[in-house]
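Below: one structure, written as structure tokens.
Read-outs throughout are calculated quantities, based only on the coordinates presented, and are distinct from any laboratory measurement. Everything numeric in this text was worked out from a predicted model, so none of it was measured. Note: ideal-geometry Cβ built from the backbone for every residue, glycine included; neighbour counts use all protein chains shown.
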Amino acid sequence: MPERVDFAARDLAVAPEEVAPDMGTLAARVRNLMDVQQGRSSRLPLGGQFFDAVVTAGGPEACAVVDLLDEVQRARGARSDAPACGPVIADPERDWFIWLVPPGTHAVWDSAYGVCRGAPYKLTLPAMRQTAAPGPYWLRPCRGDRLVPHWPLADLLHRFQPGPVPEEALLQGFFSTDS
């Protein structure tokens with residue numbers, strides 16, 4: 001018969017220097033994602049294994065892009081009126097859309113109608129339940145591992161030309177870095 005283990009008697013605390021560098025980052029990201037899931041906003045680093053972000057103007061042109069991406073990303077056999085586009089955050093105060101795209105997109109982004117950011121920037125995500133104003137909200141919420149595909153997004157932005165493109169000075173206050 002195996003020896004009984006008393007888990008309560010063990011000290012499960014791990015000193016910061018004993019944590020692998022990549023695991024500390026992973027743990028912080030998991031905590032941040034749990035905050036979002038539990039109804040709190042959270043600031044997450046871009047890039048890595050999660051996502052980059054493209055910021056565009058909002059308005060009717062950007063809404064048309066969302067509608068077309070619903071069609072592009074709709075699974076075969078899914079209801080035609082069900083939203084299918086990857087995650088998009090609407091920021092009504094700035095009249096911006098923030099599209100969550102695959103990590104690494106910032107290195108290949110080539111569209112005059114949106115600005116893409118990846119590592120080392122951070123982005124505040126609204127709480128998952130935040131689906132209407134006031135404040136930033138999920139126009140299209142996160143579902144599983146679906147992101148907005150960057151090539152169709154760039155093509156549709158070029159076709160619909162939402163503007164004005166967010167100014168660099170405004171973006172600096174929106175995104176942050178650790179430095």
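Structural remarks
- Cα gyration tensor category, rounded, prolate or oblate, for the range 43-110 with a/c compared to 1.5: oblate
- Counted by Cβ distance under 14 Å from Leu68, the other residues give a net charge of -2, where Lys and Arg count +1 and Asp and Glu count -1.
- The local environment of Leu139, defined by Cβ-Cβ distances under 12 Å, has a net charge of -2 under the rule Lys, Arg +1 and Asp, Glu -1.
- Overall form of the range 84-179 per C-alpha gyration tensor (a/c, 1.5; a/b vs b/c): rounded
- Spatial separation of Cα centroids for the range 48-105 and the range 124-143, in angstrom: 12
- For Phe174, the shell of other residues with beta-carbons less than 11 Å away shows a net charge of -1, using +1 for Lys and Arg and -1 for Asp and Glu.
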